[in-house]
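Structure first, then comments.
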Amino acid sequence: MRNKYIFRLCALLLVLSFLSVTSYAQSQYTIEKGDTLGGIAKKFGIKVQDIKNANGIQNDSITAGKILIIPDPGSTPTQAPSGQPTGEQGITASANINVEPESESLEDISIDFRNTDIRDILNVISNFSNKRILYIGQPQKISITASVVSYIKALNLITEKANNLSYLVDNDVVIVGPKDRLQNTFIYEELATKLKLSNLNAQQLIEVTDSLGIETRSVKVNKKDAHILLIEATPRNIAYAMLVSRMIDKKEYFSKDDKGNSVLNKVELSFKNINANDFEAVLQKLNIKASIVTKPDDLSYAMAVGSKDTITDVSNIFQNLETTKNDSAESMLEVSKYKPENINAKAAYDAVSANTFGAHVILQSGTSPSELYIVGTQDQCQNCIDALKEADIASTPKS
């Protein structure tokens, strides 16, 4: 373990001459109900084909809840907007929580890229395979097409097309780079890589990676710019540090404290009844925009990062999930969302507060909350939602 205040620079600096990290301008977007590729592209100022190229999409069909990679307008691919669902007596969304361990996803991917930076292609594969991919070669562009293949097959095709590339798999991390460097012992070597942050400063990233148990031998902060740092660590830990920085380095995740300092909005979560992956899936289904970063090989701990109000909601949902008891083997725990149509969320909350049928009802944070979150068993949530609908219908304006 390192001391986080020891900043040392070791002899691996010469690795920097060819080490290229995938930390360039890209963002992610969670598809919402009602979204179209055209609308998303317009929102981000890019072309529909850019989005397709960045995500290996071959037609115009997209699915709510899936995550798209949005390329920078000046690079190869592109991304788009969100639509707001509408309904009659309120809008509901539910996420069931499976407490049984799930097998690793073997979802296949289709890719179709023309003269595209290999780092963009690897980002798409990383997104679909849930693998952290670290690229340590010189930038190069390739053209590749593959339909319904595993991520391993996609990597094989990429390395065949590219110049002198190979890859190593280290658990959930894949390292892609020059064949002559990627020997079996490479995963134990320590590399030095430069990382440039935008909104996050070096010390904030150090605090997060320390909390997540991501070990680094040294971190050196640029004396002239606190947003630039040099990390020395094994390839696996560098990949994790890069992933974390990409997930949390977003302007909307910061607020100002009383002294005007920029503060990262975050909350630490220690799970007992569910795990971090289950919880992240719940937030995605409810369209709660927070980043969940986990410890390597440990899903019992995570850190949630987001806007100030979002983190309050995440914390409330987490606490209620962890304290809700499910005595029925036939009924799963559930988190539901309800958006009233005819009354405001506070009035709906007040209408059911006397009897929530055993469920926990959470009023969305913020100055103008529009939604309610309901935590409980499936039966408890359904009964509570029915009561909310009745209160909503009773307030329907008479024609």
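The values are calculated or read from the model by the stated rules, or taken from the named source; none is laboratory data. Keep in mind that this is a model prediction, so the values were computed, not measured. Every residue, glycine among them, receives a Cβ derived from its backbone with ideal geometry; neighbour counts consider all protein chains shown. To get the accessible areas, we keep the full protein, side chains included, count just its heavy atoms, and leave off ligands, DNA and RNA. Shrake-Rupley method; radii C 1.70, N 1.55, O 1.52, S 1.80 Å.
In this structure, does ASN156 turn out to be at pLDDT below 85 and in a helix (DSSP H, G or I)?
Here the answer is no, as ASN156 does not meet what is asked.
May I ask you to say which residue of LYS389, LYS337, LYS346 is open to solvent by 10 Å² or more (accessible area, probe 1.4 Å) and either without any contact (Cβ under 8 Å) to a residue 12 or more places away in the chain or assigned to a strand (DSSP E or B) (or both)?
On inspection, the qualifying residue turns out to be LYS337.
Restricting the stretch 17-47 to residues that are part of a loop (DSSP other than H, G, I, E, B) and among the aliphatic types (A, V, I, L, M), which is modelled with the highest pLDDT?
Residue satisfying both the conditions and the ranking: ILE46.
Scan VAL263, VAL267 and give me the residue that is in contact with a Phe, Trp or Tyr (Cβ under 9 Å, 6 or more places away or on another chain), within 30 Å of LYS325 (Cβ to Cβ) and among the β-branched types (Val, Ile, Thr).
Only one candidate passes the filter, namely VAL267.
Restricting attention to the stretch 214-229, report how many residues are farther than 11 Å from ASN201 by Cβ and open to solvent by less than 40 Å² (accessible area, probe 1.4 Å).
Count: 4.
Contact list please: Cβ distance under 6 Å, first residue in the stretch 160-183 and more than 17 Å from ASN127 (Cβ to Cβ) and modelled with pLDDT under 85, second residue assigned to a strand (DSSP E or B) and not β-branched (Val, Ile, Thr), pairs at least six apart or on different chains.
Within 6 Å, the pairs are LEU182/SER166; LEU182/LEU168.
Out of the residues in the stretch 357-368 that are open to solvent by less than 30 Å² (accessible area, probe 1.4 Å) and either modelled with pLDDT under 95 or not in a strand (DSSP E or B) (or both), which is nearest to THR310 (Cα to Cα)?
Filtering the stretch 357-368 for residues that are open to solvent by less than 30 Å² (accessible area, probe 1.4 Å) and either modelled with pLDDT under 95 or not in a strand (DSSP E or B) (or both), the one nearest to THR310 (Cα to Cα) comes out as SER365.
The rows are residues; the columns are (1) among the hydroxyl-bearing types (Ser, Thr, Tyr); (2) at pLDDT below 90; (3) in contact with a Cys (Cβ under 8 Å, 6 or more places away or on another chain).
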{"position": "ASP225", "(1), (2), (3)": "no, yes, no"}
{"position": "TYR240", "(1), (2), (3)": "yes, yes, no"}
{"position": "GLU252", "(1), (2), (3)": "no, no, no"}
{"position": "LYS256", "(1), (2), (3)": "no, no, no"}
{"position": "ASN265", "(1), (2), (3)": "no, no, no"}
{"position": "GLU268", "(1), (2), (3)": "no, no, no"}
{"position": "ALA281", "(1), (2), (3)": "no, yes, no"}
{"position": "ALA290", "(1), (2), (3)": "no, no, no"}
{"position": "ASP297", "(1), (2), (3)": "no, yes, no"}
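For the stretch 187-210, how many residues are open to solvent by less than 40 Å² (accessible area, probe 1.4 Å), in a helix (DSSP H, G or I) and modelled with pLDDT of 85 or more?
Of the residues in that region, 6 qualify.
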